[in-house]
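The values are calculated or read from the model by the stated rules, or taken from the named source; none is laboratory data. Note that the structure is a prediction, hence the values are computed from the model and not measured. Heads up, the Cβs are rebuilt from the backbone with ideal geometry, glycines too, and the neighbour counts pull from every protein chain shown. These accessible areas exclude ligands, DNA and RNA; they are computed on the full protein's heavy atoms, side chains included. Shrake-Rupley method; radii C 1.70, N 1.55, O 1.52, S 1.80 Å.
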Amino acid sequence: MKPALFYLIFFGILSGLLGCKKDHVENVPPGQDWTYDPTPFEIKAPASFPILNIPVGNPTTVEGVKLGRMLYYDPVLHSDSLRACASCHSQERSFTSDPPVLPHVNLAWNTSFLWNGKVEGALEDIMLFEVKEFFKTDLEKLQNHQDYPKLFYEAFGARTITHELCAKALSQFQRTLISGKSKYDRVLEGTNWVFLTDEELNGFDIFFTEKGDCFHCHGGILFTDNSFHNNALDASPEPARSAITSNPADVGKFKSPTLRNIELTGPYMHDGRYETLEEVVDFYSEGLKTSETVDPLMKSLHLGGKHLTTQEKSDLIAFLKSLTDTAFIADTALASPFH
Amino acid sequence: MKNIYSSFLSILFAFTAILFLTTCKKESQNGFVHLHFNHAVGTEELVLNNAWYPCAAGHLFSVVRLKYYTSNFSMHRSDGTAFQVNEAHYRDAETPETESFTLKDVPNGEYTGLSFILGLDEAANVDGGLPNTTTNINMEWPLPGDQGYHYMKLEGKYDSLSTGVLRNFNLHTGATGGNQNYVEISLLFHHPMRLNGDTWNISLAMDLEEWLEHPHVYDFDAFEPTIMGNQDAQQALKENGADVFSVTSVERE
């Protein structure tokens, strides 16, 4: 082959290649290797749990859960870059902390959020509030981050990161924070050789009868009614939910927290005034204080409480401890992805 | 002549149209009935929280919550037959979306009354008998040895005459100790309802006073606030419940 012809062909191919490459770069800005082909993620909840409603606009995907988990543990989400969701919601404490924030446990079945129910709706609504108003997430930081633009594209097919997309990803991860493998759950499922001790069984009876009458607010398989009550904590109660609703009937009403993993989530009450479960049970037994909006479900209000015996109190606490889910707090799929 | 011809044509046209319309109507045999569940205390509409009402036992009482199931609806026809819907409806006085329950596909006919159950029958009132929603779970009746759901949670406060201090009351009704305790409600309409492929609204009112006065004067003081396992209290409420509902209106939409 003559050198002239060789060079002609060589440069021809080269320029052709370069040309192609240039065109490609121009059409698709950063992330030419990005793909949007999300894989559906199956949320596995115990059969005894209620029907789970997932908003149509935010189906759970492997990519969305992965992104949500990273955002949950990454301080980049906070405008100060110092705190992540996980700073106040640590896994070893069943996703709560001291001072007490409501634990991120089985929130997928909630329709109102925060102690005073400031946000109502789906997880997407509360997560949007957290990102936009509480964390004041700086979207520029995420958009200029070396990893996140690609992860958002893979999860949502979007090149522009928004507060709404952050909320969607966080919601998808939150839906996987399911605690349903406690000893109590295994007993309900009829697992061989797993049973409640006599003390736990007696505590169960106290819990689920009007003897202790815990179940009207903390009952059902989720151990919360997702509602608001003044539980006779103070003679002059805080505004609590009334600050949101402006309804004087809501003075002193706070959300019933789930009692799943209650052994791990102290200190207790919305302000963390009780360090131990013993103090909490003593309060319900002897410490009730009358005020105008105390819930009618505090049936023994006029007696100051349920007046349980020492044995009954310790049996009740034994039952409460059967709700501890050690698999949940050890689940590596829920732990920080940064190591 | 032309006039007669044209009027003959219009009559023919009108006749055909009528025939056509009636035939069409016959094809849509069935209609809808919306049942509306409202609440009163005596002659007053129920107001939750801080409205105080007298009751037969002499107390003043105030209502904080009212939640209940009705089920097994039957629309009764003048020929003695009935149209039945064996579903349960959950009503929460605080939640407007639960105000009405729609009976769909109700066959044309002349209806003279309505019956239903306040609560749930033996088949539905078992653990897991209703769909596994958070609402139904919150109504569970978990007493060891019993089954099913609360039929009603009527909760509030009353002025205890004996002690002079406010106390709480909780009329929680349900099945206990093998007694089903649901209440059968039968209501006659003031005028027959002639359903003909159209939609009707039937407004019902539950008078809370009736829970407390007839045939038994229910005294909050006589029964402790914990009555779930107390069959005497359950029996009194079951018997008082028979006439808590009345029909306030039956109207074509």
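Note on region A:242-339: along the principal axes its Cα atoms extend 52, 41, 19 Å, ordered by decreasing extent.
Take the Cβ atoms of B:LYS104 and A:ILE54, set R0 to 25 Å, and the FRET efficiency comes out at 0.35. For chain A, which longest stretch is free of loop sites, where a loop site is one of the chymotrypsin sites (Phe, Trp or Tyr not before Pro) that DSSP puts outside H, G, I, E and B and that has at most 13 other Cβ atoms within 10 Å? The answer is A:37-192. Note on surface exposure: A:VAL62, A:VAL76 rank A:VAL62, A:VAL76 by accessible area, highest first, 1.4 Å probe. Stokes-Einstein diffusion for region A:62-179, with the hydrodynamic radius set to the Kirkwood value over Cα pairs and evaluated at 4 °C in a medium of 1.567 mPa s, equals 91 µm²/s. Geometric descriptor of region B:133-253, per residue, is 157 Å³ (volume of the convex hull of the Cα atoms).
Ligands, DNA and RNA aside, B:CYS55 has an accessible area near 10 Å² when probed at 1.4 Å.
Rounded to 0.05, the FRET efficiency of the B:GLU253 and A:VAL194 pair, given R0 = 35 Å and the Cβ-Cβ distance, is 0.05. Accessible area of A:THR290 (1.4 Å probe, protein heavy atoms only, ligands and nucleic acids ignored): about 90 Å². Shown here are the Rg and Dmax of the Cα trace of region B:30-252, at 17.8, 58 Å. Global dimensions of the protein assembly as shown from alpha-carbon coordinates: Rg and Dmax equal 31.3, 119 Å. Legend: residue pairs A:LYS211/A:LYS299; A:LYS132/A:LYS255; A:LYS44/A:LYS183; B:LYS153/B:LYS238; A:LYS118/A:LYS255; A:LYS44/B:LYS67, Cα-Cα distance threshold 20 Å; pairs beyond threshold, A:LYS132/A:LYS255; A:LYS44/B:LYS67. Using θ = phi - 60° in the Karplus curve 6.51 cos²θ - 1.76 cosθ + 1.60, the 3J(HN,Hα) couplings for region A:318-330 round to 4, 5, 4, 6, 6, 8, 7, 10, 6, 5, 5, 6, 9 Hz; x is entered for Gly and Pro.
Relative to its Kirkwood radius, the Cα radius of gyration of region A:183-323 gives an Rg/Rh of 0.99. Measuring r between the beta carbons of A:GLU133 and A:ASP234 and using R0 = 30 Å, the FRET efficiency lands at 0.60.
The magnitude of the dipole of region A:183-323, with charges of +1 and -1 set on the Cβ of Lys/Arg and Asp/Glu and taken from the Cα centre, is near 320 debye.
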